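Notes follow once the structure below has been shown.
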Amino acid sequence: MESVPRSLLALSALCALGAGAGALLLPLLPLLPRAPLLAALLLPLLCWGWRALSRPLELLRSPDDVGYIPEPGRSRAHTANMVRRRRKKGDLPPVYPNGWYQVLDTHLLPPGAVHNTSLCGEQLAVYRTLEGKVYAVDAYCPHLGANLAVGGRVVGDCIECPFHGWQFRGEDGKCARIPYAEKVPEFAKVKTWPSCETNGMVFVWYHCDGIEPTWSVPEQEEITSKEWIYRGRTEHYINAHIEEIPENAADIAHLAFLHEPGLLSGVDLRYTKSGIWDFFKHTWKVRWEPEPPPNKHCSQMFVQHASLVFGKHFSLLDVDVVARQVGPGIVLLQFCHSFLGRGMIVHCVTPVEPLLQRVSHSIYYQRNIPAIVPKFILKAECIQFERDVMIWNNKKYISKPLLVKEDAAIQKHRRWYSQFYSENSPKLNFQEDGLDW
């Protein structure tokens, strides 16, 4: 069998991995003429392995994937629907707090693209002009109700309805053109939603009274400058009230109980304390506090994480985290490790329906740190988070909980969070004969 040319193999490796990654294989090249068949098999495998380790980790869960105990003879979806119907909801706060909410990642909205999204019970069309400007408008055309985001296209700074070609400006929502009409009525317009782009994400502002934004989403300089790069994200759908999710920051006691078992214990709460993996445990020191004006819409959670292996402190996994909550739906979790460097998880909670929240975790990490490190951190965060999901998907909201003095931060958090509700914030009223909201 004819030898595979060394230069050809080197070129294919460099093309697949990039110059930096391909350089790692250069010491192997002198061995290739001696074992051409082995080299021909080994290099593609190495290329695939390197690319798999380098690409972002993306774990996107469906609403029925996590948080439910399957019932015999029923599918996951059937079990989830049964739990949703029979669960007691409790005396709920308003369901849509006022604030900024993430609708999608920037890279998913290239110039000329239109995205259909659900936010606070509404359908929105989010689009980007060819010049790069992002707009968000009500999805339904006021003419005959077609969805602008389903088949609509971007024309200049307008979005064009796929049904009759009406064009609406993204800046003010006014209809700029009706292709078959001599005159455009003054009152022809769609509602516009304030939007912004920061930290690699598109956010939309919601306020039940139509008030313009009263604060902005803080920009993380390391993400903007590409010093920290995107390494992956997770996405979950949670069947609970939105306030249940950030309240975890103040529920210090649950960390020491729910999140003490090691990662190998998994996410099914029936088995996390089974004892099989009891040799590995997490410990937490946590403090939560609101920020003073002018940042009263922010709060901070300070976390010191450590690990015990057979009862001994394993310092390599010690991590300090500062989690800054910004408004009702954004948390910036900044990691600092003595050996593994620095990075951030941007945690976003977006209300889709009254009791359905879309939660994403996007991780950005130092460029010079191997991708396996932030991917491991993201996977670990996902495991711990999914334990909470099983609680949230099955619990009842208690408006007047029975607390002990060690739970004082929970009430403090509820008082802080109440600032995001207004007198006209929509509420759910559950009655025996049906649902009114």
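Restricting to DSSP H runs of at least four residues, report the calculated mean residue ellipticity at 222 nm for the chain, -39500 (n - 2.57) per run over all residues, nearest 500 deg cm²/dmol. List each step's numbers first, then the result.
Numbers: 8 runs with 88 residues, N = 437.
Rounded to the nearest 500, it is -6000 deg cm²/dmol.
For Lys405 and Glu182, the FRET efficiency from 1/(1 + (r/R0)^6), where r spans their Cβ atoms and R0 equals 60 Å, is about 0.25. Within segment 310-437, the ratio Rg/Rh, alpha carbon atoms throughout and Rh by Kirkwood, equals 1.04.
Classify segment 206-262 as rounded, prolate or oblate from the Cα gyration tensor: take a ≥ b ≥ c as the square roots of its eigenvalues, call it rounded if a/c is under 1.5, otherwise prolate when a/b beats b/c and oblate if not.
Details: a/c = 2.15, a/b = 1.18, b/c = 1.82.
Taking the square roots of the gyration eigenvalues as a ≥ b ≥ c, segment 206-262 is oblate.
Run the accessible area of the chain with a 1.4 Å probe and give the carbon-and-sulfur part as a rounded percent. If you can, show how the numbers build up before the last one.
Working: 12950 of 22520 Å².
Roughly 58 percent, rounded to a whole number.
Radius of gyration over Kirkwood radius for segment 167-223, both on Cα atoms: the Rg/Rh ratio is 1.15. With the convex hull of its Cα atoms as the shape, segment 117-244 has an orientation-averaged projected area of 10.4 nm².
Computed from label points 7 Å out along Cα-Cβ, the spacing between Lys133 and Leu42 is 5.8 nm.
Using 0.36 nm times the number of residues separating His313 and Arg270, minus their current alpha carbon distance, what extension gain do you get? Present the calculation step by step, with values, prior to reporting the outcome.
Details: separation 43, 0.36 × 43 = 15.48 nm, distance 2.66 nm.
Residue separation times 0.36 nm, minus the Cα-Cα distance, leaves 12.8 nm.
Ligands, DNA and RNA excluded, the heavy atoms of Arg324 present near 60 Å² of accessible surface to a 1.4 Å solvent probe. Work out, in µm²/s and without decimals, the Stokes-Einstein translational diffusion coefficient of segment 300-352 at 20 °C, 1.002 mPa s, Rh from Kirkwood over C-alpha pairs. The estimated diffusion coefficient comes to 172 µm²/s. Springs join every pair of Cα atoms under 10 Å in this Gaussian network model of the chain, and among Lys273, Lys405, Lys89 the largest mean-square fluctuation is at Lys405.
For Phe335, Phe302, write out the residues from largest to smallest accessible area, computed with a 1.4 angstrom probe and no ligands counted.
Details: Phe335 20, Phe302 55 Å².
Accessible-area ranking of Phe335, Phe302, largest first: Phe302, Phe335.
Within the set Lys273/Lys405; Lys88/Lys405; Lys379/Lys400; Lys89/Lys174; Lys88/Lys273; Lys133/Lys183, which residue pairs have Cα atoms separated by over 30 Å? With Cα atoms farther than 30 Å apart: Lys379/Lys400; Lys89/Lys174. The GNM of the chain, with springs linking C-alpha atoms under 10 angstrom apart, assigns the highest mean-square fluctuation among His115, His413, His107 to His107. For segment 372-403 versus segment 336-358, the inter-centroid distance based on Cα atoms is 12 Å. Which pairs, out of Lys281/Lys427; Lys285/Lys396; Lys189/Lys226, put more than 32 Å between their alpha-carbon atoms? Pairs exceeding 32 Å: Lys281/Lys427; Lys189/Lys226. With both labels modelled 7 Å from their Cα along Cα-to-Cβ, the Cys208 to Gln304 distance reads 4.1 nm.
Just the ratio, please: alpha-carbon radius of gyration of the chain over 2.2 N^0.38 Å, N its number of residues.
Numbers: Rg = 25.4 Å, N = 437, 2.2 N^0.38 = 22.2 Å.
Here the Cα radius of gyration is 1.14 times the empirical estimate.
Ordered from largest to smallest accessible area (heavy atoms of protein chains, 1.4 Å probe), the residues Ile345, Ile276 come out as Ile276, Ile345. With a Förster radius of 41 Å applied to the beta-carbon distance between Lys88 and Gln384, the computed FRET efficiency rounds to 0.95.
Which of the helices in the chain meet the span-like rule: DSSP H, Cα axial reach of 24 Å or more, Kyte-Doolittle mean at least 1.0? Intermediate values should be presented prior to the final figure.
Working: long enough: 36-54 (27 Å, 1.45); 372-392 (29 Å, 0.63).
For the chain, where a helix must reach 24 Å along its axis and average at least 1.0, the hits are 36-54.
Within the chain, antiparallel bridges make up roughly 95 percent of the DSSP beta bridges whose residues both belong there. Just checking the listed ones, Pro63, Pro194, Pro44: in the Gaussian network model of the chain with Cα springs under 10 Å, the one fluctuating most is Pro44.
Ranked from largest to smallest solvent-accessible area, with a 1.4 Å probe on the protein heavy atoms, Val204, Val373 come out as Val373, Val204.
The values are calculated or read from the model by the stated rules, or taken from the named source; none is laboratory data. Predicted model only: the values in this text are computed from it and were never measured. Cβ sites come from the backbone with ideal geometry, for glycine too, and all protein chains shown count toward neighbours. Remember, those area values only see protein heavy atoms, side chains included, never the ligands or the DNA or RNA. Shrake-Rupley method; radii C 1.70, N 1.55, O 1.52, S 1.80 Å.
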